[in-house]
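The values are calculated or read from the model by the stated rules, or taken from the named source; none is laboratory data. Remember, it's a predicted structure, so these values are computed and weren't measured experimentally. FYI the Cβ positions are ideal-geometry reconstructions off the backbone, even for glycines, and counts take in every protein chain you see. We work out accessible area using only protein heavy atoms, side chains counted, and drop any ligands, DNA or RNA first. Shrake-Rupley method; radii C 1.70, N 1.55, O 1.52, S 1.80 Å.
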Amino acid sequence: MLHPVVPFSLEFLALRRLTTTAFGTLMCLEPAVALVIGMAALGQIPGPASAAGVMCVVVAGIGATRADTRAAPPAGDHGRAAEHVEAVPPA
């Protein structure tokens, strides 16, 4: 019953100590780590579709984490970032 508590607690500790980008990248690698542990500890051999799916998830997650281009709010903004947003014309 308490089995999920340990990894969840470790993730919260890591979140406090790592940057957002580093934490996001590590979370994206979780499926690949699970695949490797399944192969090493349990002798499970994934099929080509499973391996490709894991790789797609990892690449997409890392790409999304690394492509986060949100700018930091200007110094002294104090939560008024909405005033500085420019209108984007509809596509």
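The set of residues in segment 27-39 that are open to solvent by less than 90 Å² (accessible area, probe 1.4 Å) and either closer than 18 Å to residue 7 by Cβ or touching a residue at least 60 places away in the same chain (Cβ under 8 Å) (or both) comprises 27, 28, 29, 30, 31, 32, 33, 34, 35, 36, 38. For segment 40-55, filtering for residues that are in a helix (DSSP H, G or I) and surrounded by 13 or more Cβ atoms within 10 Å (Cβ to Cβ) leaves 5.
Before we move on, is residue 18 open to solvent by 60 Å² or more (accessible area, probe 1.4 Å), under 26 Å from residue 7 (Cβ atoms), modelled with pLDDT under 90 and not charged (D, E, K, R)?
Values: open to solvent by 60 Å² or more (accessible area, probe 1.4 Å): yes; under 26 Å from residue 7 (Cβ atoms): yes; modelled with pLDDT under 90: yes; not charged (D, E, K, R): yes.
Yes; evaluated as a whole, the condition is true for this residue.
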